[in-house]
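Undergrad: Have a look at this one.
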2 protein chains.
Amino acid sequence: MGKADFMREAIRLSTENVRNGGGPFGAVIVKNGKIVATGVNRVTSHNDPTAHAEVNAIREACKVLGKFDLSDCEIYSSCEPCPMCLGAVYWARLSRLYFANDKKDAKDIGFDDSFIYEEIELDYSQRKIPTEQYMREEAMTAFRLWSENPDKIEY
Amino acid sequence: MGKADFMREAIRLSTENVRNGGGPFGAVIVKNGKIVATGVNRVTSHNDPTAHAEVNAIREACKVLGKFDLSDCEIYSSCEPCPMCLGAVYWARLSRLYFANDKKDAKDIGFDDSFIYEEIELDYSQRKIPTEQYMREEAMTAFRLWSENPDKIEY
């Protein structure tokens, strides 16, 4: 199996998910030329706004492989990851990202991906969700505790 | 209980989590002046790179309240959300976001939040994780299917 097969599978999953009542998104994670995990959007069926295809595929791959670092894996997503999923791709340290539809296509059918990308670039004061920094000094305690902990597991 | 109590609880959770071997991050979700869910970072203990405090708190709140829309809730996070968590905050449609430490503080103790914010603003071609758009036409099938489905549950 090659690149086209993996993307075709992500797209097949996205189409199947619409037929099953979910959002039109699918993703697969590949290690050494084999699919190790897949994900589809389950926001409405699982009442979970974080249950996007990429997040689900990443969580599943980590479970299957028993680790939180997927630097030996690639991800194929039927759509360009939203900021949440792109963040997850980076935290998982995936080695490569392929996507098919993009955020403009997603916007055209009513998904907020573009809007969230725009919000991220604004100052807190200009964002649609009112955002405020508060009690920074108190919170530094935990950061100092982390820095000074010789036994911490870094990630 | 008021704003200071909620943030103090998020910070207390972040400190407690370091003592329990996890990352220095905590979050609480509040509805009508009451905490309905909390979350701490469980990336290493759960082998899940998406298990950040805010994502965990949002997933828990949705589970407790039985819905994927938290527009009647606020979130207090001990640290400024990373792009993944900020995306989750937007998808959950939380009404308000408070945070204490910020992304610069997180960078100072070795977390990649700032780096991911920088990557998001770059063209695909310039990103550290090689990124490629591929097979867009094939993927449009799922989007058309979604658009034409009269029974879809929008989110």
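Every number here is computed from the coordinates shown, using simple stated rules; none is lab data. Remember, predicted model here, so these are calculated numbers, not experimental data. Cβ atoms come from the backbone with ideal geometry, glycine included; neighbour counts cover every protein chain shown.
Undergrad: Note down the magnitude of the dipole of the protein assembly as shown about its Cα centre, charges +1 on Lys and Arg C-beta and -1 on Asp and Glu C-beta and zero elsewhere, to the nearest 20 debye. Walk me through the numbers before you get to the answer.
TA: Working: 40 positive and 50 negative charges, 159 e Å.
That gives a dipole near 760 debye.
Undergrad: Defining the label point at 7 Å along Cα→Cβ, can you sort the distances from B:V64 to the same site in each other copy, shortest first, in nm?
TA: Those label-point separations list as 3.4 nm.
Undergrad: Nothing charged except the Cβ atoms of Lys and Arg (+1) and of Asp and Glu (-1): what's the magnitude of the dipole of chain A about its Cα centre? Round to the nearest 20 debye. Kindly include the intermediate steps, with their values, before the conclusion.
TA: Working: 20 positive and 25 negative charges, 128 e Å.
Result for chain A is approximately 620 debye, rounded to the nearest 20.
Undergrad: Still on this structure, I have one more. Over all directions, the average projected area of the alpha-carbon convex hull for the protein assembly as shown comes to how many nm²? Before the final figure, lay out the partial values.
TA: Details: hull surface 59.6 nm².
Computed as one quarter of the Cα hull surface, the answer is 14.9 nm².
Undergrad: While we're looking at this one, here's another question. Amide H of B:C73 versus every other amide H placed in the peptide plane: which residues, excluding those fewer than 5 positions away on the same chain, fall under 5 Å?
TA: B:S95
Undergrad: So, one more: What translational diffusion coefficient, to the nearest whole µm²/s, does the range A:35-125 have by Stokes-Einstein, given a Kirkwood radius computed over alpha-carbon pairs, a temperature of 20 °C and 1.002 mPa s viscosity?
TA: It comes out at roughly 155 µm²/s.
Undergrad: How about A:K104: which lysines have a C-alpha closer than 24 Å to its C-alpha, ignoring those fewer than 8 places off in the same chain?
TA: In chain and number order, the partners are A:K3, A:K128, B:K128, B:K152.
Undergrad: Also, I was wondering about something else. Between the label point of A:A4 and that of the same position in each other copy, find the distances and list them shortest first in nm, with every label point placed 7 Å from Cα along the Cα-to-C-beta direction.
TA: Counterpart label points of A:A4 in the remaining copies fall at 6.6 nm.
Undergrad: Further question on the same structure: Can you compute the helix-only [θ] at 222 nm over chain B? Use -39500 (n - 2.57) per DSSP H run of at least 4 residues, normalise by all residues, nearest 500 deg cm²/dmol. Numbers along the way, then the final one.
TA: On the way: 6 runs with 66 residues, N = 155.
-13000 deg cm²/dmol, from helical runs alone.
Undergrad: Which of the helices in chain B, when you take each full DSSP H run, stretch at least 15 Å along the axis at their Cα atoms and have an average Kyte-Doolittle score of 0.5 or higher?
TA: Values: long enough: B:3-19 (25 Å, -0.71); B:53-65 (18 Å, 0.44); B:136-148 (18 Å, -0.75).
In chain B, no H run is both long and hydrophobic enough.
Undergrad: Still on this structure, I have one more. Taking the Cβ of A:S71 as the centre, find all other residues whose Cβ is under 11 Å away and add up their charges (Lys, Arg: +1; Asp, Glu: -1).
TA: Details: positive: A:K31, A:K67, A:R93, A:R96; negative: A:D69, A:D72, A:E74.
Its environment carries a net charge of +1.
Undergrad: When the expected Rg is taken as 2.2 N^0.38 Å, what fraction or multiple of it is the alpha-carbon Rg of chain A?
TA: On the way: Rg = 17.9 Å, N = 155, 2.2 N^0.38 = 15.0 Å.
After normalising by residue count via 2.2 N^0.38 Å, the value is 1.19.
Undergrad: In a shell of Cβ-Cβ distance under 13 Å around A:A92, excluding A:A92 itself, what net charge do Lys and Arg (+1) and Asp and Glu (-1) give?
TA: Numbers: positive: A:K31, A:R59, A:K63, A:K67, A:R93, A:R96; negative: A:E54, A:E60, A:D69, A:D72, A:E74, B:D48, B:D112.
Taking every other residue near A:A92 into account, the sum is -1.
Undergrad: Compute and list, largest first, the equivalent-ellipsoid semi-axes of the range A:1-77 from the alpha carbon gyration tensor, each √(5λ) rounded to a whole angstrom. It would help to have the intermediate numbers written out before the result.
TA: Working: eigenvalues 84, 50, 10 Å².
Over the Cα atoms of the range A:1-77, the ellipsoid semi-axes are 20, 16, 7 Å.
Undergrad: Could you work out the local net charge near A:G26, counting Lys and Arg as +1, Asp and Glu as -1, over the other residues with Cβ closer than 14 Å to its Cβ?
TA: Numbers: positive: A:R8, A:R12, A:R19, A:R42; negative: A:D5, A:E9, A:E16, A:E54, A:E60, A:E80, B:E138.
It works out to a net charge of -3.
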